[in-house]
Amino acid sequence: MKKIIILFTCLFFFGLGWLSSDLQKTKANEISKKEIRQEASYQYINPLLECEENEQSNIIPIKKARQKISALIEKKINQGNIINASVYYRDLNNGPWFGINEKEKYSPASLLKLPLAVAYYKAREVYPEIFNQEITYNGEYDAELNLDDPDKSLQNGKTYSISDLIFRTLAYSDNVSFNLVHRYFVENIDIDTMKKINSEMGVVINFEETSNSGISPKDYSAVFRLLYNSSFLNRNDSEEILKILSNSDYQEGIAKGINDKTVIANKYGVYFENEDDEFLQIHDCGIIYTEPDPYLLCIMTNGNKDKQNELIQSIQEISKIVKENIQSSS
């Protein structure tokens, strides 16, 4: 009898604890919903959400998409259209994610421009006047010219603010603007501060030896998560960077696979050693603001330079698979 009483006592307190825990979760969810409504003024960030790290590739739509993308990559490799491709997907509100070769490292190329911009915004917290500083372009870095549009290219002899150059670096992926703001940071703040900021951000990149540095889709995606969650910069700065990225003039990768008017904040990169190098890498990573759940997609590819269109098409097809199989089912 005594054992039965003890058993019932234990069950009673267990049930009470479970009920209390359940009520607390319900209350927390209600509070969370209220807080999310208060963040309606932000279009590009959601600073209240942070998701679990566990991969959830067993969810049927995600499993289906992953299988299709894996098959697509394998087919293109066998056909000789690409050498390899890596993918990282994440639902930014609910947290499920999957990866395919997501830890494989690639040359970052123009992807470097986003961490540099984030470093500038972080440095502005200590040096608030930095974005107002001006640089006169005197034709340096002409070997890095990559823009065909004269309205977007820097004009020789003209003076530009750091703020303007950062916008051009992100929105137009302008190599000259990037080199100017990188040089200014090194000379007027210092490279150690940049490395420290990137280390704190969790994305360690060697800006001085870009050909020898590497980054994986999963690691690079962390930059977008930090911005979306506003967990590294303040909310206004996180919002501002993503808004600039939404003005990106590159629409041939992930955006092409979506094929609608969905807002995208993305950064692309194209890398090859030199004109004689036969290998090419093309990447596109960003946040796709679908309703009700925005998602993060990072795709990195490499192949032969004469297969450039195949690399771009691979990114488009992967993006389309994600949109049709995961987002259409949510």
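The values are calculated or read from the model by the stated rules, or taken from the named source; none is laboratory data. Because the structure is predicted, anything quoted here is derived from the model rather than measured. Using ideal geometry, Cβ is built from the backbone for each residue, glycine included, and neighbour counts are taken over all protein chains shown.
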Checklist entry - Can you pull out the residues in the range 130-179 that are assigned to a strand (DSSP E or B) and crowded, with 17+ Cβ neighbours inside 10 Å? => result Ile135, Tyr160
Checklist entry - Being in contact with a strand residue (DSSP E or B) (Cβ under 8 Å, 6 or more places away or on another chain) and in contact (Cβ under 8 Å) with a residue 12 or more places away in the chain, is that true of even one residue in the range 145-154? => result yes
Item to check | Residue that is surrounded by the fewest Cβ atoms within 10 Å (Cβ to Cβ) [pool: residues in the range 67-96 that are more than 14 Å from the chain's Cα centre (by Cα) and either at pLDDT below 95 or not assigned by TED's automatic domain parsing to the domain that holds Val322 (or both)] | outcome: Gly95
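Any chance the range 302-324 includes a residue that's β-branched (Val, Ile, Thr) and not in a helix (DSSP H, G or I)?
Within the range 302-324, the subset β-branched (Val, Ile, Thr) is 312, 315, 318, 321-322.
Subsequent filtering for residues that are not in a helix (DSSP H, G or I) retains none.
There is no residue in the range 302-324 that is β-branched (Val, Ile, Thr) and not in a helix (DSSP H, G or I).
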Checklist entry - Taking the condition outside any helix (DSSP H, G or I), within 16 Å of the chain's Cα centre (by Cα) and modelled with pLDDT under 90, does Asn58 pass? => result no
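Considering each of Pro108, Pro115 in turn, give the residue that is assigned by TED's automatic domain parsing to the domain that holds Ser248 and closer than 21 Å to Glu240 by Cα. Don't jump to the end; show me each part of the working.
Working: Pro108 fails: closer than 21 Å to Glu240 by Cα.
Matching residue, one of Pro108, Pro115: Pro115.
Matching residues to (1) of a type outside the set (D, E, K, R); (2) under 20 Å from Phe167 (Cα atoms):
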{"residue": "Tyr250", "(1), (2)": "yes, yes"}
{"residue": "Ile258", "(1), (2)": "yes, no"}
{"residue": "Lys261", "(1), (2)": "no, no"}
{"residue": "Val270", "(1), (2)": "yes, yes"}
{"residue": "Leu280", "(1), (2)": "yes, no"}
Next on the checklist: Report every pair of residues separated by at least 6 positions or lying on different chains whose Cβ atoms are under 6 Å apart, first residue within the range 216-230 and on the phi > 0 side of the Ramachandran plot, second of a type in the set (Gly, Ala, Ser) and part of a helix (DSSP H, G or I).
Outcome noted: Ser230/Ser238
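Of all residues in the range 273-313, how many are charged (D, E, K, R) and without any contact (Cβ under 8 Å) to a residue 40 or more places away in the chain?
So in the range 273-313, the residues charged (D, E, K, R) come out as 273, 275-278, 284, 291, 293, 305-307, 310.
Keeping just the survivors that are without any contact (Cβ under 8 Å) to a residue 40 or more places away in the chain gives 275-278, 284, 291, 305-306.
The total comes to 8.
Restricted to the range 247-290, and to residues that are of a type in the set (Asp, Glu) and part of a loop (DSSP other than H, G, I, E, B), which residue is farthest from Thr301 (Cα to Cα)? Walk me through it before giving the result.
Step one: filter the range 247-290 for residues of a type in the set (Asp, Glu), giving 249, 252, 260, 273, 275-278, 284.
Next, only the ones that are part of a loop (DSSP other than H, G, I, E, B) stay: 249, 252, 260, 273, 275-278.
On the way: Asp249: 20, Glu252: 14, Asp260: 24, Glu273: 15, Glu275: 19, Asp276: 19, Asp277: 16, Glu278: 14 Å.
Ranking the candidates gives Asp260 first.
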Next on the checklist: Please count how many residues of the range 180-204 are in contact (Cβ under 8 Å) with a residue 24 or more places away in the chain and either outside any helix (DSSP H, G or I) or in contact with a Cys (Cβ under 8 Å, 6 or more places away or on another chain) (or both).
Outcome noted: 3
